[in-house]
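The values are calculated or read from the model by the stated rules, or taken from the named source; none is laboratory data. Please read all numbers here as calculations on a predicted model, not as lab measurements. In this analysis, Cβ positions are derived from the backbone assuming ideal geometry, glycine residues included, and neighbour counts consider all displayed protein chains. When the accessible area is computed, the model is the full protein with side chains, heavy atoms only, and any ligands, DNA or RNA have been set aside. Shrake-Rupley method; radii C 1.70, N 1.55, O 1.52, S 1.80 Å.
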Amino acid sequence: GDSFAAVTYQNSQVSKTQFERIMGYIESGKADGATIHVGGNRIGSEGYSIQPTIFTKCQPDMKIVCEEIFGPVACVLKFQTIDRASKHGLAASVFTKDIDRGFRVAHALEAGAMWVRLRSLFPINTSRALLMLATSLQESPPPRLSMAKPSVR
């Protein structure tokens, strides 16, 4: 979208090199067995815009989880114990019914920004915002993820 428009949350990538790097990470995620929940494609046929992409069924050792992508890609990890969670990232959100568990998990993770039962309250254009789902089999499944279509000009 237009960089100066108030409704624009994400712009295109800065270069063809960065565009191709991000698309390579998306392909790597698919090849490693992660599921694209939303996005994963180029926007339009010109320029370097990529749909905001959310991967589910991620594992802590996947390249898309372990490396900083610096593009519109987020990984969702569901785990039973903290030792199965990715322990680092630029930003993380912990979602659980048990607020005490949420804070224990948040304290065990290393991230530049951390939220418990919230998502970012301000736009952060970091690509690798890890959405950590601290749920157990007894809890209901997490809410369905949805993403509004970005404004593209």
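If I histogram all Cα-Cα distances within region 1-77 using bins 10 Å wide from 0, what percent of pairs lands in each bin?
The percentages, shortest bin first, are 20, 51, 25, 5.
If you count only protein heavy atoms and use a 1.4 Å probe, how large is the accessible surface of PHE103, to the nearest 10 Å²?
Its accessible surface works out to 100 Å², give or take rounding.
About the Cα centre of region 1-77, how large is the charge dipole given +1 on each Lys and Arg Cβ and -1 on each Asp and Glu Cβ? Please answer in debye to the nearest 20.
So the magnitude is around 120 debye.
Under a point spin-label approximation (7 Å from Cα along Cα-to-Cβ), what is the THR8-HIS107 distance to one decimal in nm?
Taking the simple label geometry, THR8 and HIS107 are separated by 4.3 nm.
Given labels modelled 7 Å from the Cα in the Cβ direction, how far is it in nm from LEU118 to CYS66?
3.3 nm
Keeping all protein chains in the complex and leaving out DNA, RNA and ligands, what accessible area do you get for LYS16 with a 1.4 Å probe, in Å² to the nearest 10?
For LYS16, the solvent-accessible surface is approximately 110 Å².
Kirkwood Rh, Cα Rg: Rg to Rh for region 33-109?
Result for region 33-109 is an Rg/Rh of 1.03.
In what sequence, largest accessible area first, do LEU90, LEU118 appear using a 1.4 Å probe?
Working: LEU90 55, LEU118 80 Å².
The most accessible residue leads, giving LEU118, LEU90.
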